[in-house]
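Read through the structure below, which is laid out as structure tokens, and then see the notes.
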Amino acid sequence: MPIRSHQLRCIGNDARIAPEEIASDFRDPETRELYEVEYPWSETGDRPGMFPRNLPNASALRHLWAERRDSTLPIDQSGVWRYRELLPILQDDAHAITLREGNTPLYDLPRCGKLLGLDFLLAKHQGLNPTGSFKDTGMTAALSVAAERGYQWVACASTGNTSAAMAAYAARAGLRSIVFIPEGKIAWGKLSQSMDYGALTVQLKTDFDGCVQMLAELVRRNPIYLLNSVNPYRLEGQKTPAIEICEQLDWQVPDHVIVPGGNLANGSALGKGFSELKHLGFISRVPKISVIQAEGANPLFQWFTNAEKMLRPVTADTRATAIRIGNPASWRKAARVIEATGGWCESVSEQEIALAKAQIGAEGIGCEPASAVTLAGAKKLVAAGRIQLSERVVLLLTGHTLKDPEYTIDFHKDLLATGMAEADPYRKPPLVLEANESVVLRALEAEMARA
Ligand code: F0G
């Protein structure tokens, strides 16, 4: 048997398959569960007779990764492929399709921290990736696999960010891409991106969950590579922010990482990243990982609350359109990560999201509404005593504020019906004035006197 650099493990029954044996929908035909990429050095890969075990050396890799920061090679400049020893998914690293994703800043949020009573509140801004969302880290990984395996067409169903990322990376690789999006339910910035990058964009008169079903049929009948987050290679890229956060903290581990929950792949991916780092001796413990959902799209929160066996899908509705998902594919993976790390699943209202977004914006950072659920959720976790005030907390901001400017403008014009007095100080509607000197001066002086 040839020595493989990775295999795929079904999370339902632990059955292993070779990478090329995977079905087009990335589910095990019997269990209908998803797969996880497993390496010779993975904790679960440590089985007699399977692989020669050759653990990557943590201190040598820390040095190598630091040195690559000075390199001019595209794959070294990528904040995903810089860590390629922990994601050996390609036959040849030269096949990596990169837009120099990753390398995103870890900001402190002093004012939001103060509001919550926390000394140490940080934001990992994944919205500062090339297409403006965290999806780029996963897309560089899975799209590179598609290109290496010779696919001509790739496709995804999306609430907007996955499609923008897929379209960009496909264009980069010279592949054709097909995007299914729910008509009228994604932010314009995102729709315009997939058009800009030349994707075949299909707006379906259904929701995200309906788009997923339609796509499953398409990929079953055609040689099209599916790039939704059921594709386990997406998660290999999306685990790298865990490495980057630890590196940025000089290999100190935060106590708590808080992520938004939509299709629920991101929390799962970060959990995999942190636990691999611990297994390999980079860090001594893993942070708690908590997932926050919008109240109108909170099936995982309900599953935790009701302690049922299976997740009960909901009809999703929220203005945080990125996470408007009622039947999340990776719910079991996310539930396991939350349970294994001692994190929580929370649910936040539309009002809480709007206020949190404005509070992050007031730090000069800005994010899209789906990202702001993290701050809204952190407030609830602090209030419930689930985050101690001494904890070091990192919020994962997943998307750029320019992805959904309409939401921001509606908030400031008070069109979101938040009805929250707490939000009033953050509202800054534009002044519309006659272009007359005395009118302008009088209005501005009145404003400045009020400040
Ligand atoms: N934040 C943003 C900005 C997103 O676009 C998404 C998901 C999430 C959070 C949730 O991440 O699905 O891994 O739990 N957007 C997907 C899309 C579904 O199609 O762009 P998740």
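The values are calculated or read from the model by the stated rules, or taken from the named source; none is laboratory data. Everything quoted here is computed from the prediction, not taken from an experiment. No Cβ is skipped: glycine too gets one built from the backbone with ideal geometry, and neighbour counts run over all protein chains shown. Heavy atoms of the whole protein, side chains included, go into the accessibility calculation; ligands, DNA and RNA do not. Shrake-Rupley method; radii C 1.70, N 1.55, O 1.52, S 1.80 Å.
Cβ separations smaller than 8 Å between residues 6+ apart or across chains give the following pairs from segment 72-94 residues that are touching a residue at least 12 places away in the same chain (Cβ under 8 Å) and open to solvent by 60 Å² or more (accessible area, probe 1.4 Å) to residues that are part of a loop (DSSP other than H, G, I, E, B) and not hydroxyl-bearing (Ser, Thr, Tyr): 77/100; 77/103. The residues in segment 281-304 that are among the small types (Gly, Ala, Ser), surrounded by 22 or more Cβ atoms within 10 Å (Cβ to Cβ) and out of contact with any Ser or Thr (no Cβ under 7 Å at 6 or more places or on another chain) can be counted, and the count is 1.
Counted as qualifying within segment 296-363 are the helices (runs of 4 or more DSSP H) with 1 or more residues that are closer than 25 Å to residue 112 by Cα and more than 14 Å from the ligand (Cβ to nearest atom), namely 331-341, 350-361.
Within segment 338-358, residues that are under 15 Å from residue 255 (Cα atoms) sit with their Cβ atoms under 7 Å from residues that are among the polar types (S, T, N, Q), at 6+ positions apart or across chains, in these pairs: 338/290; 343/290; 344/290.
For segment 401-423, check the following and say yes or no: at least one residue is under 30 Å from residue 252 (Cα atoms) and either open to solvent by less than 60 Å² (accessible area, probe 1.4 Å) or within 16 Å of the ligand (Cβ to nearest atom) (or both).
Filtering segment 401-423 for residues under 30 Å from residue 252 (Cα atoms) gives 401.
Checking which are either open to solvent by less than 60 Å² (accessible area, probe 1.4 Å) or within 16 Å of the ligand (Cβ to nearest atom) (or both) leaves us with 401.
Scanning segment 401-423 turns up at least one residue that is under 30 Å from residue 252 (Cα atoms) and either open to solvent by less than 60 Å² (accessible area, probe 1.4 Å) or within 16 Å of the ligand (Cβ to nearest atom) (or both).
In the set (1) more than 21 Å from residue 133 (Cβ to Cβ); (2) touching a residue at least 60 places away in the same chain (Cβ under 8 Å); (3) open to solvent by 10 Å² or more (accessible area, probe 1.4 Å); (4) not charged (D, E, K, R), residue 383 fails one condition alone, (2). Taking residues in segment 306-331 that are without any contact (Cβ under 8 Å) to a residue 40 or more places away in the chain and open to solvent by 60 Å² or more (accessible area, probe 1.4 Å), and partners anywhere that are within 15 Å of the ligand (Cβ to nearest atom) and assigned to a loop (DSSP other than H, G, I, E, B), the pairs with Cβ atoms closer than 8 Å and at least 6 places apart or on different chains are 317/324.
Going residue by residue through segment 410-426, is there one that turns out to be out of contact with any strand residue (DSSP E or B) (no Cβ under 8 Å at 6 or more places or on another chain), β-branched (Val, Ile, Thr) and at pLDDT 95 or above? No, that holds for no residue.
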